[in-house]
Amino acid sequence: MQLLIRLRNHAIEAVALSLRRLGILRRYPGFFQWRRFLRTRRAEWRAQLAKQAGARRVLIAGWVGADAACATLEGLLTAALSLRGAKVDVLLCDSALPACLYCGLSNAGPHFAERGPQDRLCADCSRKGQYYYEGLGVQTLRVSESLSTEDRSRARSIAKEVPREKIGEYRLDNLAVGEHAMAGALRYFARGVLEEDAHSELILRRYFEAALLTAFALRALLKRNKYECAVFNHGIYVPHGVVGEVCREQNVRVVNWVVAYRKQRFIFSHGETYHHTLMTEPTTAWENIPWTDELDAAIQEYLHSRWSGSRDWIWFFEKPVTEIEAINRSLGVDPNKPTIGMLTNVFWDAQLHYPKNVFGDMLEWTLETIEYFKNRPELQLIIRIHPAEVRGGVPSKQKLADEIARAYPVLPANVIVVLPENDVSTYVLMSQCDSVIIYGTKMGV
């Protein structure tokens, strides 16, 4: 983790209080009302913005105006950077793309593959973003302003002509636009693998065209405006994954942010998405932290709170079962047997390239592990399927339990599968394991 910003409690509480008190105008519920907040400070605020004409430039590449949660933090960053002397531009989409991460099976409608999002999602998204940032008074840039007729024609042609099986590996010069297009399509369908049908191919090609348009637009914008830094959420999918690719190509410093699990915490990752930096950061960033009894106690206290999520703002069960004997009885766990815990991910989530993978995908990893334990009856395997499969923001359409059942209609007696709906505490369950394996890594408990 390159940087974990610890926003002080009183600052977060002040923002939350402002949202409640000043969010009386419910034109767009969930959006902070900058107009009202700055109403008595308008002249002072405009004078502050006027000072920034020759200042260091920062691009807030939020793109998706309808995402109230992202807009809230990125609006705060826009205000904070402006107050500290930066000239901030905000980049918003204006129905320029045929697909993006705002689209999904749950909201895009049945005709998305043929018609795209314009008649259903784009107008609402553009309207909300415009309204929100107009209240701040900063310059808002439109994606379509950086796209020519030739760009649109070229993107449409490439997206149509590249064979389906080559899209995921397609590179525009050295930009991995195909990878992010594939990840976007998988997220749309909430699956780890696209189905082999015409509908899936149409959606994939929509995301491919959108990824290409994103690259063309960002290249044009960065040629026109010289930014020191670009800030945007997450850093993968379409458009944000491609935004990062182009910024790095053009030597514009990238800062990606994401909400951390712990309350009032965000992860800011420098250079690229936290999916990569959390694995590639030098160990010197943390291995020599002075260790004290107080620090140890604080960490242990927080780790124990993870059992219930009491100190987090991301959790999956209101009241998880934490009584170990009850958990073992309900699942049929033998506490006297050497036990390996296995923690899965969600099939569609973060489908981007990681170097030196041992397994092709999570399903291959899972099935080969079960096969190994089938021949090791003296051991016990507990597979905890991620609760986000059914309780996450984008419920998975490809369920691991279904895939396991197809491969093993009768599970080996020493393999226990814990369904994502099961409210047993994962932390308590894993605490009795001799070792725990996680998709992508391994840790002892």
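Per residue, the chain exposes 50 Å² of accessible surface when a 1.4 Å probe is rolled over the protein heavy atoms with every protein chain present.
Once divided by 2.2 N^0.38 Å, the Cα radius of gyration of region 195-286 becomes 1.29. For the pair Thr283 and Asp197, the difference between a 0.36 nm per residue extended length and the Cα-Cα distance amounts to 26.5 nm. Each residue of region 250-265 was assigned a 3J(HN,Hα) from its phi angle through the Karplus expression (A = 6.51, B = -1.76, C = 1.60, θ = phi - 60°), giving 8, 6, 9, 4, 9, 10, 9, 10, 8, 5, 7, 5, 6, 4, 6, 9 Hz with x at Gly and Pro. Across all C-alpha atoms in the chain, the radius of gyration and Dmax reach 23.7, 75 Å.
Please check: in the Gaussian network model of the chain (C-alpha springs, under 10 Å), which one of Val143, Val358, Val254 has the largest mean-square fluctuation. With Cα springs under 10 Å in the chain, the top fluctuation among Val143, Val358, Val254 is at Val358. Helices in the chain, meaning DSSP H runs of at least 4 residues, each add -39500 (n - 2.57). Divided by all residues, the mean residue ellipticity at 222 nm is -12000 deg cm²/dmol. Most tightly packed first, judged by the mean number of other beta-carbon atoms within 10 Å of their residues, the peptides 88-101, 266-279 read 88-101, 266-279.
Once each part is reduced to its C-alpha centroid, what is the distance from region 68-118 to region 163-194 in angstrom? Spelled out, the Cα-based centre of one part sits 20 Å from the other. A 1.4 Å probe over all protein chains sorts Lys399, Lys263, Lys87, Lys160 by accessible area into Lys160, Lys263, Lys399, Lys87, starting with the largest. Among complete DSSP H helices in the chain, those whose alpha-carbon atoms stretch at least 30 Å along the helix's long axis and whose mean Kyte-Doolittle hydropathy reaches -0.5 are 198-224.
Packing-based ranking of 199-211, 60-72, 169-181 yields 199-211, 60-72, 169-181, ordered from highest to lowest mean Cβ neighbour count within 10 Å. Sequence-distant contacts, meaning Cα pairs under 8 Å at least 6 residues apart, place the relative contact order of the chain at 15 percent. Pro387 sits among other residues whose Cβ lies under 14 Å from its own Cβ, and their net charge, with Lys and Arg +1 and Asp and Glu -1, is -1. Here the accessible area is traced with a 1.4 Å probe on the protein chains. For region 337-416, carbon and sulfur cover 55 percent of it. Cα-based radius of gyration for region 51-127, normalised by 2.2 N^0.38 Å, reads 1.34. Taking all protein chains as they are arranged and a probe of 1.4 Å, the heavy atoms of Leu141 leave approximately 10 Å² accessible to solvent. Of Asn288, Asn107, Asn256, the residue with the greatest mean-square motion in the GNM of the chain, using alpha carbon springs below 10 Å, is Asn288.
With the simple model of a label 7 Å out from the Cα in the direction of the Cβ, Arg46 to Glu145 spans 2.0 nm. The portion of the accessible surface of region 64-123 made up by carbon and sulfur, rounded to a whole percent, is 57 (1.4 Å probe; DNA, RNA and ligands excluded). Of the GluC sites (Glu not before Pro) found in region 281-386, those in coil by DSSP whose Cβ has at most 14 other Cβ atoms within 10 Å are Glu287, Glu318, Glu323, Glu378.
Could you estimate the translational diffusion coefficient of region 286-387 from the Stokes-Einstein equation, with Rh from the Kirkwood formula over C-alpha pairs, at 4 °C and 1.567 mPa s, in whole µm²/s? Calculated translational D: 75 µm²/s.
Over region 305-445, Cα pairs under 8 Å with separation of 6+ residues give a relative contact order of 35 percent.
DSSP finds beta bridges in region 258-405, and of those with both partners inside it, around 40 percent are antiparallel. Considering only Trp291, Trp307, Trp34, the Gaussian network model of the chain with Cα springs below 10 Å gives its largest mean-square fluctuation to Trp291.
The values are calculated or read from the model by the stated rules, or taken from the named source; none is laboratory data. Since we're looking at a predicted model, the values are computed, not measured. Backbone-built Cβ (ideal geometry, glycine too); neighbour counts: all protein chains shown. Side chains are part of the model used for accessible areas, which takes the heavy atoms of the whole protein and leaves out ligands, DNA and RNA. Shrake-Rupley method; radii C 1.70, N 1.55, O 1.52, S 1.80 Å.
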